[in-house]
Number of protein chains: 2
Amino acid sequence: MAQAVQATIGDSEFDRDTAVTRRAPGVYDAELSAGWTIIQAVNGGYLLALLGRALADALPHSDPFTVSAHYLSASVPGPAVIRTDVVRTGRTLSTGQASLLQYDENGAEVERIRVLAAYGDLDGLTDDVHTSAVPPRMPPYERCLGASDGPPPPVPGSSAILDRLNLRLDPATVGWAVGAPSGKGEMRGWFGLADGRDADPLSLLLTVDALPPTSFELGLKGWTPTVELTAHVRCRPAPGPLRVAITTRNLAGGFLEEDAEVWDSRDRLVAQSRQLAKAPR
Amino acid sequence: MAQAVQATIGDSEFDRDTAVTRRAPGVYDAELSAGWTIIQAVNGGYLLALLGRALADALPHSDPFTVSAHYLSASVPGPAVIRTDVVRTGRTLSTGQASLLQYDENGAEVERIRVLAAYGDLDGLTDDVHTSAVPPRMPPYERCLGASDGPPPPVPGSSAILDRLNLRLDPATVGWAVGAPSGKGEMRGWFGLADGRDADPLSLLLTVDALPPTSFELGLKGWTPTVELTAHVRCRPAPGPLRVAITTRNLAGGFLEEDAEVWDSRDRLVAQSRQLAKAPR
């Protein structure tokens, strides 16, 4: 998307809205922006990126390698506190824990998310690549469908996050928006930030949970709350749009898994994630 | 495998070797058995089951739904302590944290593994199943290869765990044992416990990390230490042997992911897991 002024890593909506301020060693103040809400909740990927930024400050390594988040209660826009704990520091990897907290009407702390994560240095990895994974098959960017290609999709509640993203979905996975879901647990699309900021390891934590849920294409409506999401960042992403493919193979017993993979413009698998979510009732 | 006396859930090698004794609220004593070691380490799945048993006691729900483990240092056979923390209790899910600790030669605590997990009641799930996943294609049990079908595989170090398992590998994924790895990141096999104990949700935490690593079939030798492993238990397994398929799609930068799926005798996908591991050097 052509932009008059393209935002950069460090100076963008995403960076401002995921900023954290160190109040004390390991304790950070944050403000959950209403700009990243979807349906009835603050987007889980946005929150993960915010926790990821706090851990990048708290740990001696700056790049998330594997981040596991348990979502405990629904976050709301407004002030929040992140408490971090350094679990282990090593030469190539460090491990940390973080909790996102908000306050209820009586001023009592309510924990929203708890995270365990290993951080490292992506630029220090070897160049060996031995992969059998291939990028997802989807139409070129121009033939995928963005927010300007039709009426807003029938998502109940907020869709503020859509203004922050440059999301173009594979036409094969947007049947849900016109009342004709494919019945397949697949969602694919091109992903960018609306202000043109390129991807970095922290924004990948947003990317893995930013597409509409596969449950829409399975014919289910409503919120699909994440119980747990683990993301692996495998490579620093190259500039340019990302491709994201999400797959659900097993919707059973009221739960489903969502597997996401993210590919960069150089055809490298830059992130993988899996979440366990509750199916809409 | 016909057994003179078949062990049962609650009275088996696995149950005895994963027993934990509550010393104080949330604190458990355990003994890491040398019977579950492989190459140079205590098996990570065995350790996960041990932590899982402590959490099942500490939390109001008894079945692991999603368990994320970060492996911090190599466990050794001998005494250990597990400290648990109840993070949140809910009607259908409870979340807990646990740490496995051992002591160094100076008596200082060394943390081995830290876990975040959500527990629930598998028997309380709805019966709806909408899955596109199909069981892995592999030869029938009789035509897969067990420990009695040839010389012990050329694994350096301990292979004590093989005596505890009734593992029969798909011949298509055992090339590594005769110096002819397939080059594909695949490992498949039938899985049971050697004493005939049937599977339950806790033993599934062992099952997801009990096959030889896919890196063997990718032509790499040596230990593939787990950085992080997340397992989802989706269904209580039926009696009978399990089928396990492990896939690696991306070996890059010195790391690889291993995706495992476990199917029961009723053709249900009972567990999924993904781990990030360091490739052997």
Per-residue mean of C-beta atoms belonging to partner chains within 10 Å, peptide B:113-122: 3
Dividing the helical contributions, -39500 (n - 2.57) per DSSP H run of n ≥ 4, by the residues of the protein assembly as shown yields a 222 nm value, nearest 500 deg cm²/dmol, of -3000 deg cm²/dmol
Computed label-point distance, nm, for sites B:ASP121 and B:ALA238 using a 7 Å Cα→Cβ extension: 2.4 nm
May I ask you to derive the relative contact order of region B:134-277, considering only C-alpha pairs under 8 Å and at least 6 residues apart, and to give it as an integer percent? 23 percent
Taking only Cα atoms and a 10 Å spring cutoff, compute GNM fluctuations for chain B and point out the largest among B:ALA147, B:ALA117, B:ALA252. B:ALA252
Any idea what the B:SER182 label distances to the other copies are, label 7 Å down the Cα→Cβ vector, nm, shortest first? 2.7
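Enumerate lysine pairs in the protein assembly as shown that are 8 or more residues apart or on different chains, then count those whose Cα atoms are under 18 Å apart. List each step's numbers first, then the result.
Details: A:LYS184/A:LYS221; A:LYS184/A:LYS278; A:LYS221/A:LYS278; B:LYS184/B:LYS221; B:LYS184/B:LYS278; B:LYS221/B:LYS278.
Qualifying lysine pairs in the protein assembly as shown: 6.
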Scale the Cα Rg of region B:1-105 by the rule-of-thumb value 2.2 N^0.38 Å and send over the ratio, two decimals. 1.13
Note on region A:26-85: the mean projected area of its alpha-carbon convex hull, in nm², is 4.3 nm²
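Can you tell me how much longer the chain between B:GLU109 and B:ALA74 gets when fully stretched, taken as 0.36 nm per residue apart minus their C-alpha distance, in nm with one decimal?
Full extension from B:GLU109 to B:ALA74 adds 11.3 nm.
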Largest first and in whole Å, give the semi-axes of chain A's equivalent ellipsoid, each being the square root of 5 times a Cα gyration tensor eigenvalue. 28, 23, 19
Where the label is 7 Å out from Cα toward Cβ, how close does A:GLU142 come to the same position in every other copy, in nm, shortest first? 6.1
Sum of side-chain charges, B:ALA238 neighbourhood, beta-carbon under 10 Å (Lys, Arg +1; Asp, Glu -1): 0
Would you mind computing the Rg to Rh ratio of region A:177-245 from its alpha-carbon coordinates, Kirkwood style for Rh? 1.01
Please compute, over every Cα-Cα pair in region B:88-243, the percentage with a separation greater than 27 angstrom. 38 percent
Sorting from shortest, the nanometre distances separating the label point of B:ALA24 (7 Å past Cα along the line to Cβ) from those of the same residue in the other copies are 2.4
Relative contact order [Cα under 8 Å, 6+ residues apart], chain A, whole percent: 19 percent
Quick one: Debye curve from the C-alpha atoms of the protein assembly as shown, no solvent, what's log10 I(q)/I(0) at q = 0.10 Å⁻¹? -0.80
Which one, B:THR207, B:GLN40, A:GLY120, is farthest towards the positive end of the dipole of the protein assembly as shown when Lys and Arg carry +1 and Asp and Glu -1 on their Cβ? B:THR207
For region A:167-208 and region A:25-78, write down the distance between their C-alpha centroids in whole Å. 20 Å
Kirkwood hydrodynamic radius, region A:1-45, all distinct C-alpha pairs: what's the number in Å? 12.7 Å
With label points set 7 Å from each Cα along the Cα-to-Cβ direction at A:SER132 and B:VAL27, the distance between them in nm comes to 4.8 nm
Suppose every Lys and Arg Cβ carries +1 and every Asp and Glu Cβ carries -1, with no other charges. What dipole size does region A:1-104 come out with about its Cα centre, to the nearest 20 debye? 340 debye
Net charge near B:LEU204, counting Lys/Arg +1 and Asp/Glu -1 over other residues with Cβ under 13 Å of its Cβ? 0
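Taking only the alpha-carbon atoms of region A:163-213, what semi-axes of the equivalent ellipsoid follow from 5 times the gyration tensor eigenvalues under a square root, in whole Å, largest first?
For region A:163-213, the semi-axes come out at 24, 11, 8 Å.
Nearest 20 debye, what's the magnitude of the dipole of region B:163-268 about its Cα centre given +1 on Lys and Arg Cβ and -1 on Asp and Glu Cβ? Before the final figure, lay out the partial values.
Numbers: 12 positive and 15 negative charges, 35 e Å.
Value, rounded to 20: 180 debye.
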Based on a Kirkwood Rh over C-alpha pairs, give the Stokes-Einstein translational diffusion coefficient of region B:164-281 at 37 °C and viscosity 0.692 mPa s in µm²/s. 229 µm²/s
Given all pairs of distinct Cα atoms, region A:78-151 yields a Kirkwood Rh in Å of 17.4 Å
Let me spell out the model: positive unit charges on the Cβ of Lys and Arg, negative unit charges on the Cβ of Asp and Glu, origin at the Cα centre of the protein assembly as shown. What dipole size does that give, in debye rounded to 20? 520 debye
Which distance in nm do the two modelled labels at A:ARG266 and B:GLN6 give, with both placed 7 Å along the Cα-to-Cβ direction? 5.5 nm
Dividing the alpha-carbon radius of gyration of region A:225-273 by 2.2 N^0.38 Å, where N counts its residues, gives 1.32
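FYI, it's all coordinate maths here, none of it is from the lab. For clarity, every value in this text was computed on a predicted model and none was experimentally measured. For neighbour counting, all protein chains shown are included, and Cβ atoms are generated from backbone atoms with ideal geometry for every residue, glycine included.
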